[in-house]
Amino acid sequence: MAASNPVLITGAGGVGRSVLEKLRARDVPVRVMVRRDDDRAAQLQALGAEVVLGDLTRPETVAVALEGVRSMYFAMPVSPDHLLAATTVASVAREYGGLDALVDMSQMTVSQMTATSTAESRQQRLHWLAEQVFDWSGLPMVHIRPTSFLDNPLFTTLPAQTIPKRGTIELPFGTGRTSPIAVDDVARVVATVLHEPAPHAGHVYELTGPRTVDMTEMAEAFSKVLGRPISYVDVPLEQWRNEVLSTIGLPSHIEQHIVTMCRLHQQNRYDRASDAVERLTGVPASTIEDFVAARKDFYLA
Ligand SMILES: NC(=O)c1ccc[n+]([C@@H]2O[C@H](COP(=O)([O-])OP(=O)(O)OC[C@H]3O[C@@H](n4cnc5c(N)ncnc54)[C@H](OP(=O)(O)O)[C@@H]3O)[C@@H](O)[C@H]2O)c1
């Protein structure tokens, strides 16, 4: 990739912003697409990005953002528009014809799905279909399939409410095992691929934290780092949905996705481990203990 060709980052939320920081630390030119020229756009610019206005569901804006770009990161939030955005990007990038890599933020659940499976959420089906469209496009795809993020509110905002009050982590995960991964580790992989895309085109990377734990073991890890007794309370799923989730007022697409994540945890579908973070970046994924230790005040406030 020529030094002057910018990397395009779209969906610059949790992962994308961290990818931007990592690429700028290596002096790689970065262009970021945002929907609004607001304070967040100014912050991205202050981090060294060229900021362009656009929308992943509007092809004419994707075409402008792609000019001169050789590698692109595609991400959307959990959204019913996911497949529309992916198809828009695939068709515009195909016509553009200049990409060495298109990095797709997908989900690990896709690895366990088939064309006809029905246990997954609508969002997980959209990721599965988007991967199909991207692969049919013939573009040099790299699918990133992380398991649940450690930064997800399930492991951050919610425990930060119950730990100070009751010394508990209260979730409807049953005895299922899980191996959540820090956003920072996902971003390290994405930045590595975007920086030197050639060896990665055509690959699927499944990303997890370094080990699987059940929620009792996760509570023990929190307890060790925060220096106080913390136990796991297995809340019945319907009760948790009514008493916790529905009080947040999320759009139904997101709520259905979170309830499905919980059900799949109960069914032990998140019991999976991969060493891909270390293999691809040379540094192992953060442990739960590392993650919590960096956020002690947040969890105990
Ligand atoms: N959270 C998890 O545990 C987890 C685990 C595995 C995979 N994932 C996947 O990760 C993805 C989310 O990644 P993330 O957490 O890094 O992102 P994020 O924080 O949700 O941010 C996504 C960004 O996309 C922007 N956006 C929304 N609609 C857009 C559009 N039409 N065109 C252009 N930009 C648009 C949003 O900006 P606005 O401010 O304009 O809305 C936001 O900045 C999802 O696909 C999810 O399925 C998440």
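The values are calculated or read from the model by the stated rules, or taken from the named source; none is laboratory data. Every value quoted in this text rests on a predicted model; they were computed, and no experiment measured them. When we count neighbours, we look across all protein chains shown, and the Cβ atoms used for this are built from the backbone with ideal geometry, even at glycine. Ligands, DNA and RNA are excluded from the accessible area calculation, which covers all protein heavy atoms including side chains. Shrake-Rupley method; radii C 1.70, N 1.55, O 1.52, S 1.80 Å.
A few comments on the model shown:
- Residue in the range 37-55 that is most open to solvent (accessible area, probe 1.4 Å), counting only those that are part of a loop (DSSP other than H, G, I, E, B) and of a type in the set (D, E): D37
- Only residues that are open to solvent by less than 50 Å² (accessible area, probe 1.4 Å) and either small (G, A, S) or more than 15 Å from the ligand (Cβ to nearest atom) (or both) were counted across the range 83-101, and they come to 7.
- The set of residues from the range 149-202 being among the acidic types (D, E), over 21 Å from R241 (Cα atoms) and within 15 Å of the chain's Cα centre (by Cα) comprises D184, D185.
- Qualifying residue in the range 16-36 (condition: away from the ligand (no atom under 11 Å from the Cβ), exposed (fewer than 15 other Cβ atoms within 10 Å of the Cβ) and over 23 Å from the mean Cα position of the chain (by Cα)): yes
- Only one of the numbered conditions (1) in contact with a strand residue (DSSP E or B) (Cβ under 8 Å, 6 or more places away or on another chain); (2) crowded, with 21+ Cβ neighbours inside 10 Å is not met by D135, and that is (2).
- Residue within the range 191-200 that is of a type outside the set (A, V, I, L, M, F, W, C) and open to solvent by 70 Å² or more (accessible area, probe 1.4 Å) present: yes
- For Q45: the one exception among (1) under 18 Å from P77 (Cβ atoms); (2) away from the ligand (no atom under 11 Å from the Cβ): (1)
- Hits in the range 56-86 (condition: part of a loop (DSSP other than H, G, I, E, B) and touching a residue at least 40 places away in the same chain (Cβ under 8 Å)): L56, G68, V69, R70, A75, M76, P77, V78, S79, P80
- Index of the failed condition, T178 passing every other in (1) farther than 20 Å from G16 by Cα; (2) surrounded by fewer than 21 Cβ atoms within 10 Å (Cβ to Cβ); (3) not aliphatic (A, V, I, L, M): (2)
- On inspection, V233 passes the criterion of being in contact with a strand residue (DSSP E or B) (Cβ under 9 Å, 6 or more places away or on another chain), modelled with pLDDT of 95 or more, of a type outside the set (F, W, Y) and open to solvent by 20 Å² or more (accessible area, probe 1.4 Å).
- For the range 66-82, filtered to residues that are within 15 Å of F134 (Cβ to Cβ) and within 11 Å of the ligand (Cβ to nearest atom), the residue that is most open to solvent (accessible area, probe 1.4 Å) is M76.
- Among (1) touching a helix residue (DSSP H, G or I) at 6+ places or on another chain (Cβ under 7 Å); (2) closer than 18 Å to H203 by Cα - the single one R70 does not satisfy: (1)
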